[in-house]
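The values are calculated or read from the model by the stated rules, or taken from the named source; none is laboratory data. Just so it is clear, the structure is predicted and the values come from calculations on it, not from any experiment. Methodologically, a virtual Cβ is constructed for each residue, glycine included, from the backbone with ideal geometry; neighbour enumeration extends over all protein chains shown. The accessibility values were calculated without ligands, DNA or RNA, using every heavy atom of the protein model including side chains. Shrake-Rupley method; radii C 1.70, N 1.55, O 1.52, S 1.80 Å.
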Amino acid sequence: MERLRVGVLGCASIARRKMLPALTACPRTRVTAVASRSGERAKEFAAEFGTVPVAGYQELLDRPDVDAVYLPLPAGLRAEWILRALAAGKHVLAEKPLTTRPALAREAVELSRRRGLLLMENFMFLHHSAHRRVRELVGAGRIGEPRSFSAEFTIPALPADDIRHRPELGGGALLDLGAYPVRAAQLFCGPDLAVAGAVLHHDPGTGVDVAGAALLASAGMTATLSFGMAHHYRCRYALTGSEGTLTLDRAFTPPPDHRPLLRLERPEGTQELLLRADDQFANVVDAFARTALAGRGFDGPGDRILRQADLLERVRLAATPAPTAG
């Protein structure tokens, strides 16, 4: 089997915990190098995953044994290195959000198209079979005509030094957590969503948004979304139709051994469907590698990147500041 030679640009936690194991295990990929700003961090990762350490991101991009890069750098740094990677002729799988502003996303997508390269935003949950099962049940009419979608993604308070508290690195709840419900709303409500309203709570000390909500609408449907990073953990969505409701817990970040529980409520009663476990990390790596190796099918990921960036920006611009206590 032909293998895509992948370099890892950055030593973030998600790279070590989730993506490097998936890249190493995938029969379609071979991790040829991992880079960090300091050589010591790269050596740690390289020793753990049996690859070559590289000091400096550009040094990795200059390597002839790298066909593609996985890029988990902080959101505020991604655009520069996505553009550099594309300019170096590498396919790119980058963490979400791809960039912090639509103009940067558009520049990256346009460059990828000019160079004939795959640029893909790493929304891993889209590659989990649970969401395909939800769509199958909706298509079979099990909830009747779809009317509304709701989603929540909230996590407990983060350490004070976490990069998501730093606005210059693209921190904040909307880009980090709200991106998931916003992307899921497009999956179930269609791509043509309007922003009917939004609110963002900002931390007065850091200036980043720590929580928020958005109301989106498309023809015949509404989407109510909430997100935050100083909350009880919630990770779910519900799709309600004229005849029932489907609810999925742990919707966005299920571990590979987790069997999702899908609840179907109808007038005659509630049915709980225990779905099969699925590895969304392995699935997204395989999808990226298959597409890159095939050399076609690059337009779809680019279109989705642009719609997501535009919708997040419209939520941000529509948001009113939350009232302060007292």
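General remarks:
- With every protein chain in place, the chain: carbon and sulfur % of accessible area (1.4 Å): 51
- The share of C-alpha pairs in the range 202-287 whose separation exceeds 22 Å stands at 49 percent.
- Normalised by the number of residues in the chain, the mean separation of alpha-carbon contacts (under 8 Å, six or more apart) gives a relative contact order of 18 percent.
- Rounded to the nearest 20 debye, the dipole size of the range 1-111 about its Cα centre is 300 debye, using +1 on the Cβ of Lys and Arg and -1 on the Cβ of Asp and Glu.
- Rounded if a/c under 1.5, otherwise prolate or oblate - the range 108-237, Cα gyration tensor axes: oblate
- Å² of accessible area per residue within the chain, as computed with a 1.4 Å probe and no ligands counted: 43
- Two-site FRET efficiency, Glu44 against Ala230, from Cβ-Cβ distance with R₀ of 35 Å, rounded to 0.05: 0.65
- Label point distance in nm, Gln58-Glu168, each placed 7 Å from Cα along Cα→Cβ: 2.1
- Annotation: the antiparallel percentage among DSSP beta bridges lying fully within the chain is about 55.
- Top positive-direction residue, dipole computed over the range 195-298 with Cβ charges, set Ala282, Gly295, Pro267: Gly295
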